[in-house]
Amino acid sequence: MYEHLKEKVAIVTGSASGIGESVAVRFGQEKMKVVVNYRSKQEDASKVVKKIQEHGGEAIAIQADISKEEDVKRLVEAAHTSFGTLDVMVNNAGIQSEVSSHEMSLDEWNKVISVNLSGTFLCCREAISYMLKHGVKGSIINMSSVHDIIPWPHFVHYASSKGGIKMMTETLALEYAPKGIRVNAIGPGAINTPINAEKFSDPGVKAGVEKLIPMGYIAEAEEIASVAAWLASNESKYVTGITLYADGGMTLYPSFQAGKG
Ligand code: NAD
């Protein structure tokens, strides 16, 4: 636990499920004030709000599609109206779909890019504008992926969006470091969440993924939430522009593990 996170105000996008939910609940354990953002699952978002409150934090649920400019503006305003400021912005919402690249329609490409890349940009922009206007030395955390550096066949839109997030994070970190606003990313490896529940329900596929992880297991969302809490806290106050890979070693070229490369 990080004592100084108490009563800090955070928005976590896409926090009605998966990693976002775990980050929001962890922030609740830190006794923070959390805006739980959801796109369509109001009931799930309400459950997350309840969990946060049970841990002693404060929370509200706000519907917003982060690929829409007006929705993102409304989301940031909601933090101000409900809790008076915005200290931490976690841009977690993301989508993926499996399509061979030569068959990918422009619509399919745009769908993923508009949420993962443009949506993350809009959230960064609005959070930074707010922090500049109100003199907040805040922390922005973008949920990237190991696929910002590991190529991923059949997911070219997703990998391109995450690669873009990496450079977006570095550029914004450089631009706003003099103002005390930190911008970092987390690169999760394989995590047990709804986004890949179907894939991991096949024991053969699951075992194949585990082989790509030197530590040998697929992580739980809480293992990413603890990284987010650290990046949100003052314990990381000199850290900006990084992508912190929480991936059990997936980015370490696991096929070289036997040392016979
Ligand atoms: P998830 O599907 O549970 O979470 C994604 C959330 O984003 C959902 O709640 C969804 O409703 C929300 N969302 C989607 N589009 C939205 C929009 N336009 N506006 C608002 N909310 C929207 O899956 P997850 O694994 O928890 O994914 C969270 C993030 O972590 C994503 O950015 C994903 O790319 C990233 N990630 C996940 C893994 C993994 O193995 N699970 C690995 C690397 C990166």
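Could you tell me whether segment 241-251 includes any residue that is modelled with pLDDT of 95 or more, among the aliphatic types (A, V, I, L, M), open to solvent by less than 30 Å² (accessible area, probe 1.4 Å) and part of a strand (DSSP E or B)? Taking every residue of segment 241-251 in turn, at least one turns out to be modelled with pLDDT of 95 or more, among the aliphatic types (A, V, I, L, M), open to solvent by less than 30 Å² (accessible area, probe 1.4 Å) and part of a strand (DSSP E or B).
For Ile113, state whether it is away from the ligand (no atom under 15 Å from the Cβ) and either at pLDDT below 95 or part of a helix (DSSP H, G or I) (or both). Lay out the reasoning, then the answer.
Working: away from the ligand (no atom under 15 Å from the Cβ): no; either at pLDDT below 95 or part of a helix (DSSP H, G or I) (or both): yes.
So Ile113 fails the test.
Would you check which residues across segment 161-201 are of a type in the set (Asp, Glu) and at pLDDT below 95 and list them? First the steps, then the outcome.
Step one: list which residues in segment 161-201 are of a type in the set (Asp, Glu), which gives 170, 175, 198.
Across segment 161-201, the qualifying residue is only Glu198.
Taking segment 116-146 as the range and being in a helix (DSSP H, G or I), more than 19 Å from Asp65 (Cα to Cα) and open to solvent by less than 20 Å² (accessible area, probe 1.4 Å) as the test, the residues that pass are Met131, Val146. The selection criterion, being in contact with an Asp or Glu (Cβ under 7 Å, 6 or more places away or on another chain) and either open to solvent by 70 Å² or more (accessible area, probe 1.4 Å) or among the small types (Gly, Ala, Ser) (or both), does not hold for Ala258. Going through (1) of a type in the set (A, V, I, L, M, F, W, C); (2) more than 14 Å from the chain's Cα centre (by Cα); (3) closer than 23 Å to Gly20 by Cα; (4) open to solvent by 30 Å² or more (accessible area, probe 1.4 Å) one by one, Ile113 falls short only on (4).
When Gly261 is tested against (1) at pLDDT 95 or above; (2) touching a Phe, Trp or Tyr at 6+ places or on another chain (Cβ under 9 Å), just one condition goes unmet, and that condition is (1). Annotation note: Cβ proximity below 6 Å between a residue of segment 1-30 that is in contact (Cβ under 8 Å) with a residue 12 or more places away in the chain and of a type in the set (Lys, Arg) and a residue that is open to solvent by less than 50 Å² (accessible area, probe 1.4 Å) and within 11 Å of the ligand (Cβ to nearest atom) (sequence gap 6+ or interchain) occurs for Arg26/Ala225.
The values are calculated or read from the model by the stated rules, or taken from the named source; none is laboratory data. Remember, it's a predicted structure, so these values are computed and weren't measured experimentally. Cβ coordinates were reconstructed from backbone atoms using ideal geometry, including for glycine residues, and neighbour counts include every protein chain displayed. The protein model used for the area step is the full one, side chains on, heavy atoms only, and it has no ligands, DNA or RNA in it. Shrake-Rupley method; radii C 1.70, N 1.55, O 1.52, S 1.80 Å.
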